[in-house]
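The values are calculated or read from the model by the stated rules, or taken from the named source; none is laboratory data. Source: prediction; values computed, not measured. When we count neighbours, we look across all protein chains shown, and the Cβ atoms used for this are built from the backbone with ideal geometry, even at glycine.
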């Protein structure tokens, strides 16, 4: 006698999977914040040898943070490093916003290290299908926690360019003047805000560290 196919069991399995997926989608946006509060809040990570290593350490000590110096080999690709919030991500080029899926996007037509206004945008929070994609889509998740006086490092064509944050502001998406050329060289970082929306832009302005 043939066994009947138990559709009830299949339905319960599908409901269980749907429930777990739903829980994941609800919790997912908070995972980086939970990790930050439990592990990374009191940590400053310096992944590569830096010309301003002492300044970074001093700034971290003022915040009573653990200073982690990894001393990795200077990257050959272009990278953005923000020690105080654990960012170490590739700077990517591209004509459209799709480039954001690969890392921190240098806005086309803006400056480069040492010249004019270098503008870099990053995802605040978005979903991905692989660990690397998820990491790149959370690259600016903690940008709001980057304080004035803290440091940002740009590695460009094998050379390090250090910056210190001088200004924070929130602008409307239509305020594209944040990408405008400048006489003096500055670094502009921005992402969407509030979290999970694209209503406004959170902007951090940094100026070159004078060595």
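Does region 193-209 hold any residues that are touching a residue at least 40 places away in the same chain (Cβ under 8 Å) and at negative phi, and which are they? Once the filter is applied, which keeps residues that are touching a residue at least 40 places away in the same chain (Cβ under 8 Å) and at negative phi, region 193-209 yields 193, 195, 202, 204, 205, 206, 207, 208, 209.
Conditions (1) modelled with pLDDT of 95 or more; (2) surrounded by 13 or more Cβ atoms within 10 Å (Cβ to Cβ); (3) in the same structural domain as residue 124 (by TED's automatic domain parsing), marked per residue:
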residue: 165; (1), (2), (3): yes, yes, yes
residue: 181; (1), (2), (3): yes, no, yes
residue: 185; (1), (2), (3): yes, yes, yes
residue: 190; (1), (2), (3): yes, yes, yes
residue: 194; (1), (2), (3): no, no, yes
residue: 197; (1), (2), (3): no, no, yes
residue: 200; (1), (2), (3): yes, yes, yes
residue: 204; (1), (2), (3): yes, yes, yes
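Checking residue 129 against (1) assigned to a loop (DSSP other than H, G, I, E, B); (2) modelled with pLDDT under 95; (3) within 17 Å of the chain's Cα centre (by Cα), which single condition isn't satisfied? The failed condition is (3). Among the residues of region 51-90, those identified as out of contact with any strand residue (DSSP E or B) (no Cβ under 8 Å at 6 or more places or on another chain), surrounded by fewer than 19 Cβ atoms within 10 Å (Cβ to Cβ) and not in a loop (DSSP other than H, G, I, E, B) are 54, 58, 62. Out of region 93-106, which residues are surrounded by fewer than 20 Cβ atoms within 10 Å (Cβ to Cβ) and either touching a residue at least 24 places away in the same chain (Cβ under 8 Å) or not in a loop (DSSP other than H, G, I, E, B) (or both)? Within region 93-106, 97, 98, 99, 101, 102 qualify. For region 155-211, the strands (runs of 3 or more DSSP E) that sit wholly inside it and include 3 or more residues that are in contact with a helix residue (DSSP H, G or I) (Cβ under 9 Å, 6 or more places away or on another chain) and over 22 Å from residue 92 (Cα atoms) are 159-171.
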